[in-house]
Amino acid sequence: MSVRLLFSGVGSRAPDGPVQPAWWVGRFGNAALRTHEGKSVRFYDDLIKGKQVLINMMYATCEGQCPVVTSTLVKVHQALKDRMGKNLFIYSITVNPEDDDPAALKAYAEMHRAVLPGWTFLTGEPYDIETIRFRLFGHDHIALDTDVSTHVAKVRIVNDNIRRWTHANPLHPVASVLKRVSWADPPNKTWAEQ
């Protein structure tokens, strides 16, 4: 395996935003991933930097909770459709990159009617996917962190511009997920304007 620079972009400047400190950028890493359309992207530089995003883990052949979570996110997308692809994005990352190539992810997205503006399904090298999973969804508990089935219980919500990080349980009602998305929304006024 070639050595990858997971922390490139440290100290990055978000578009029209502040320079983000190394600890914040390092929280995400900058792994090379591939979209369901076959495009190469960098995790932080292309997907997180300067954006508000919802991130979940899934896999294309899942017959358990992944389709339920995807259905919930379709409803979230519908509720927030005016923002999607503009200032809000959804990223669904496979936990099974050995089998989920871009074509498999595209087929999954099509089957679940999730080929929507601002929603990207992602795959990559197994090491990079595991690194992202641990960084975003780690529990600091060996039994939970090594159990890949724990991927379904959270959607990570990140607003890079204001360095806000929270989560929602996608198995809860859509209104609960929408409420948590609003917690990461940028404030309507700056502190100086209040």
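The values are calculated or read from the model by the stated rules, or taken from the named source; none is laboratory data. Bear in mind the structure is a predicted one, so any value in this text is a computation, not a measurement. We work out accessible area using only protein heavy atoms, side chains counted, and drop any ligands, DNA or RNA first. Shrake-Rupley method; radii C 1.70, N 1.55, O 1.52, S 1.80 Å.
Couple of notes before you dig in:
- Couplings for region 47-64, taken from phi via the Karplus curve 6.51 cos²θ - 1.76 cosθ + 1.60 with θ = phi - 60°, read 10, 9, 3, x, 10, 10, 9, 10, 10, 10, 10, 7, 8, 5, 9, 5, 10, x Hz in order; Gly and Pro are left as x.
- Around the amide H of His167, modelled in the peptide plane, lie the amide H atoms of Ile157, all under 5 Å away and 5 or more residues distant in sequence or on another chain.
- Full extension of the chain between Leu171 and Ala103 yields a length gain of 21.8 nm, computed as 0.36 nm times the residue separation minus the alpha carbon distance.
- Taking the 1.4 Å solvent-accessible surface of region 33-124 as the whole, the part contributed by carbon and sulfur is 46%.
- Estimated Rh, region 33-76: Kirkwood, alpha-carbon pairs, angstrom: 12.3
- Accessible surface, 1.4 Å probe, highest first, among residues Asp99, Asp46: Asp99, Asp46
- Oblate is the label for region 27-131, because a/c, from the alpha-carbon gyration tensor with a ≥ b ≥ c as root eigenvalues, is 1.5 or above and a/b does not exceed b/c.
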